[in-house]
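Engineer: Dropping the structure in here first, questions after.
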Amino acid sequence: MTAVLPGATIGIFGGGQLGRMMTLAARTLGYHVIVLDPDAACAAGPVADRVITARLDDVAAATELARASDVVTVEIEKVGLDAMAAAAALRPVRPGAHVLRVIQDRARQKQWLAEHDFPLGPFWVARSAGELRDVLARAGANAFVKSATGGYDGRGQARAGPADDAEAVWRSLGSAPCVVEQALELESEISVMVARREGGAQATFPPALNHHVNGVLDWSVIPAPIPDTLAREGVRIACGIAERLDVVGLLAVEMFVVRGGTLVVNELAPRPHNSFHHTELASLTSQFEQGIRAVCDLPLGATDSTRPAAIANLFGDLWLHGAAPRWEQALALPGVRVHLYGKSPRPGRKMGHVGAVADSADDAVAMALDARARLRPGA
Ligand code: ATP
Ligand code: MG
């Protein structure tokens, strides 16, 4: 396949904040962008050439997207496989439907990883309330019960143990198949971002160190201040998965460092990832540009970090204090930047992030958190 060169049009399934930042990177490289999203007022809308307003499983809309594009990609894994197939009949779709098929169902994803000998924590799949009861009896106290489909940012999850009412947990998660995971004792969480071209050329960013609060990413820093051996092992695992899954585009691999220093894979995302937004601050190539290069079959960019960089997420709650966030307070800090996604605020909704560059990972995190704290009206 020949490269899709600047001047061409990239079609994206999904128009959320990831699509918005992909679009901005694509535009910098001189591409046109069309996004397909159910929300006419989606975050990518104002920066894209065109929005096709339709569900992500709308076959006719996917056909229209592909027809108007030279190559098609995704910013979200919940795209209908029939819609992807319709697009793939017309244009290259990267990553392909075979990747989304494995990733978009948590049970299938776990089973695929296990079958291919990638390291995982103990898990079980429950397909009925009865099965869930049996599994909870074995999975230990406070296990993570996760819907097989539809969850994100900690939603679609419950904590339960042998003493809990399995029937009630089953119903609370929509009476649909779920994955139960033993609650692991985490030393830390890291993620690895792999970009891969057709033909197999790959590039990875240094791993990021991630901090979650209530199951949602709160802050992240790159390069992760972890031993080199651990970072290398994370990169090796992630590259192995990207190759085995035959990903073209981006693959983010979330991993747990469990007590004792062992790495296990938590989950995969075939797209840009919240834990690599800091690549826009001090990496030679951002994750968004790297994804566009991979999808367009162009040489991948250098992934070196020139300095440690951190981001802290901004949630809708910040807007709900009766006064505007105090942007000048954060922007006055040298090395701090603000990224907003143009979304309307709701409690818990990811609205943007603040980023900071410093001499050490610890300083970058401290500065990003300080900047975020200063935004709060009345702070
Ligand atoms: P996101 O979309 O933000 O990645 P998600 O809804 O897909 O989140 P997970 O990544 O499965 O959810 O879990 C979110 C967080 O919950 C993890 O990053 C980790 O902090 C914690 N967590 C999840 N599973 C486990 C586990 N088995 N043991 C310990 N902690 C866990
Ligand atoms: Mg996750």
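The values are calculated or read from the model by the stated rules, or taken from the named source; none is laboratory data. As the structure is a computational prediction, the values presented were derived from the model and not from experiment. Positions of Cβ are generated from backbone atoms using ideal geometry, with glycine treated the same way; all protein chains shown enter the neighbour counts. We work out accessible area using only protein heavy atoms, side chains counted, and drop any ligands, DNA or RNA first. Shrake-Rupley method; radii C 1.70, N 1.55, O 1.52, S 1.80 Å.
Engineer: Name the residues in the range 32-49 that are crowded, with 22+ Cβ neighbours inside 10 Å and either more than 19 Å from Glu64 (Cβ to Cβ) or touching a residue at least 24 places away in the same chain (Cβ under 8 Å) (or both), would you?
Structural biologist: Across the range 32-49, the qualifying residues are Val33, Ile34, Val35, Leu36, Cys42, Ala43, Ala44, Ala48.
Engineer: I'd like to know if the range 104-119 contains one or more residues that are touching a residue at least 60 places away in the same chain (Cβ under 8 Å), open to solvent by 60 Å² or more (accessible area, probe 1.4 Å) and in a loop (DSSP other than H, G, I, E, B).
Structural biologist: No, because not a single residue in the range 104-119 is touching a residue at least 60 places away in the same chain (Cβ under 8 Å), open to solvent by 60 Å² or more (accessible area, probe 1.4 Å) and in a loop (DSSP other than H, G, I, E, B).
Engineer: Filter the range 264-323 down to the residues that are out of contact with any helix residue (DSSP H, G or I) (no Cβ under 9 Å at 6 or more places or on another chain) and among the polar types (S, T, N, Q) and list them by number.
Structural biologist: Asn266, Ser275
Engineer: If we only count helices (runs of 4 or more DSSP H) wholly inside the range 277-375, which ones have 2 or more residues that are more than 23 Å from Pro46 (Cβ to Cβ) and out of contact with any His (no Cβ under 9 Å at 6 or more places or on another chain)?
Structural biologist: Helices (runs of 4 or more DSSP H) meeting the threshold: 287-295, 327-331, 361-375.
Engineer: Condition first: surrounded by fewer than 24 Cβ atoms within 10 Å (Cβ to Cβ) and either in contact with a Gly (Cβ under 8 Å, 6 or more places away or on another chain) or over 15 Å from Val295 (Cα atoms) (or both). Now tell me which residues in the range 80-93 satisfy that.
Structural biologist: If the condition is that a residue be surrounded by fewer than 24 Cβ atoms within 10 Å (Cβ to Cβ) and either in contact with a Gly (Cβ under 8 Å, 6 or more places away or on another chain) or over 15 Å from Val295 (Cα atoms) (or both), then Gly80, Leu81, Asp82, Ala85, Ala86, Ala88, Ala89, Leu90, Arg91 are the ones that fit.
Engineer: Determine, yes or no, whether Ala83 is part of a helix (DSSP H, G or I), closer than 28 Å to Asn274 by Cβ, without any contact (Cβ under 8 Å) to a residue 12 or more places away in the chain and under 23 Å from the mean Cα position of the chain (by Cα).
Structural biologist: Answer is no for this residue.
Engineer: Any idea which of (1) within 14 Å of ligand 1 (Cβ to nearest atom); (2) assigned to a loop (DSSP other than H, G, I, E, B) is the one Trp219 doesn't satisfy?
Structural biologist: Against the list (1) within 14 Å of ligand 1 (Cβ to nearest atom); (2) assigned to a loop (DSSP other than H, G, I, E, B), Trp219 comes up short only on (2).
Engineer: For the range 227-263, give me the residue count where each residue is touching a helix residue (DSSP H, G or I) at 6+ places or on another chain (Cβ under 8 Å), assigned to a loop (DSSP other than H, G, I, E, B) and within 16 Å of ligand 1 (Cβ to nearest atom). Reasoning before the result, please.
Structural biologist: First, the residues of the range 227-263 that are touching a helix residue (DSSP H, G or I) at 6+ places or on another chain (Cβ under 8 Å): 241, 245-255, 257, 261, 263.
This time we only want the ones that are assigned to a loop (DSSP other than H, G, I, E, B), so: 245-248, 261.
Within this subset, residues satisfying the condition of being within 16 Å of ligand 1 (Cβ to nearest atom) are 261.
So the answer is 1.
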